[in-house]
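Every number in this text was worked out from the coordinates using simple rules, so none of it is lab data. None of these values were measured; they are calculated from a predicted model. Neighbour counts run over all protein chains shown; Cβ positions are idealised from the backbone, glycine included.
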Amino acid sequence: MAAFAAFVGLSRPTVSRFFNDPASLRETTRRRIALAVEASGFQPNLLAANLVRRRSNIVGIIIPDPVDPFYTALTRRVQAIASEAGFHAFVLSSDGDRTEEARAVGTLAAMSVAGIIVAPLGGSEGGGALERMQTDIPIVYVDSPPARPAAFVGTDNRASFALMVDHLCDTGTPPRFLAMPAVNANAASRAEAYDAAMRARGFEPILLPLPNARDWDFERVGFEASAAWIAAGGVAGATVLCANDRLAFGALAAAWQAGVRVGRAEACDLRIAGHDDHPLSRYACPPLTTVAQDYDEIAGRAMAILLRRLAEEAPAAAGGEDLVLLGARVVARESA
């Protein structure tokens with residue numbers, strides 16, 4: 001920074017303000033520095049700068065699955081909002097592993113990030129590391145709620161599954177449930193939501209057996225569980241509600257392989273529905289009936305909480321106004 005300031009012919013504090021608070025400089029000064037950046041290719045060392053700042057301008061993001069389109073869409077929106085607010089977003093993945101999640105938390109701590117947006121796995125490793133950091137910097141959880149009270153933005157599973165169970169019961173046979181492997185808190189939350197919705201309608205919940213898996217390969221889990229159930233017989237006229245759309249993709253593939261016709265038409269043997277409105281759900285065969293989540297709103301509300309708490313310098317556990325459960329809507333397509 002000192003060398004670059006000498007290159008521009010301005011003081012180091014003035015050049016520093018250009019990167020951290022450009023609006024505080026006159027237009028002519030901003031233009032002069034911008035031209036010097038273009039001519040020299042200079043980029044400030046953010047990690048070194050964090051060592052001398054009271055607060056970093058980096059926001060950390062931790063997601064469990066970097067190839068899942070839900071987390072991709074969420075991350076892109078968080079990055080865009082962070083950039084508009086003058087922050088850099090640094091994304092890490094836990095790859096569905098609690099030890100890796102704890103390591104990611106440690107990496108962000110070493111970078112002195114200003115705050116974190118995290119889709120947590122839960123458990124003692126990463127969860128404990130996040131709880132310890134929560135006393136120092138703002139952390140907002142998304143998608144899957146943490147074990148203890150904290151700022152959280154996500155879909156109201158109980159309400160969304162009640163909507164889908166009502167829809168399926170009103171249009172055909174009551175659904176069986178294909179649950180998620182226990183990879184995060186959503187697995188139990190969605191199973192409980194299905195159970196409550198079925199009992200509210202006066203039906204006994206029916207769970208399909210899951211293969212012995214605890215990973216994020218949901219398509220394989222959905223395929224194996226559905227293939228075993230179809231092979232056992234008794235499919236005709238049945239309905240299956242999957243805990244997420246990726247499980248449903250596997251179920252659709254298992255039905256196709258077994259020659260079972262999926263859809264809501266009278267000539268079909270089985271109905272399949274999901275949850276999340278995965279970007280590929282409309283292109284499945286047949287297109288998947290699902291519950292839509294608003295990725296942009298989840299990201300926007302989470303970043304609004306994080307930015308407000310950064311402005312207030314309030315890292316402690318959030319109050320009730322920072323628990324946001326969003327509504328959802330049924331998207332009825334040809335699969336159910």
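For this structure, a couple of remarks:
- Between helix 157-171 and the chain there is an angle of about 30 degrees, using the helix long axis and the longest principal axis of the Cα atoms.
- At an R0 of 51 angstrom, the distance between the Cβ atoms of ALA188 and ALA23 translates into a FRET efficiency of 0.65.
- Along principal axes, Cα extents of the range 233-336, largest first, whole Å: 60, 24, 20
- Cα Rg over Rh - the range 76-220, Kirkwood: 1.05
- Gaussian network model of the chain, springs between alpha carbon atoms under 10 Å - residue of ALA147, ALA39, ALA231 with greatest fluctuation: ALA39
- Principal axis extents of the C-alpha atoms in the chain (largest first, rounded to whole Å): 80, 38, 31.
- For GLU204, neighbours were defined as the other residues whose beta-carbon sits under 14 Å from its Cβ, and their charges (Lys and Arg +1, Asp and Glu -1) total +2.
- Net charge, CYS242 excluded, C-beta distance under 12 Å - Lys, Arg +1, Asp, Glu -1: +1
- At R0 = 22 Å, FRET efficiency that the Cβ-Cβ distance of CYS285 and ALA265 yields, to 0.05: 0.95
- Antiparallel DSSP beta bridges within the chain, percent to nearest 5: 10
- Residue-averaged [θ]222 nm for the chain, counting only DSSP H segments that reach four residues, each worth -39500 (n - 2.57): -14000 deg cm²/dmol
- Compared with the alpha-carbon gap, the fully stretched path from ARG329 to GLU38 is longer by 100.0 nm at 0.36 nm per residue.
- The protection proxy used here, the mean number of other Cβ atoms lying within 10 Å of each residue, ranks peptides 2-11, 68-77 as follows, highest first: 68-77, 2-11.
- Between the listed residues THR155, SER56, MET198, the Cα displaced farthest toward the positive end of the dipole of the chain, a dipole computed from Cβ unit charges relative to the Cα centre, is found at SER56.
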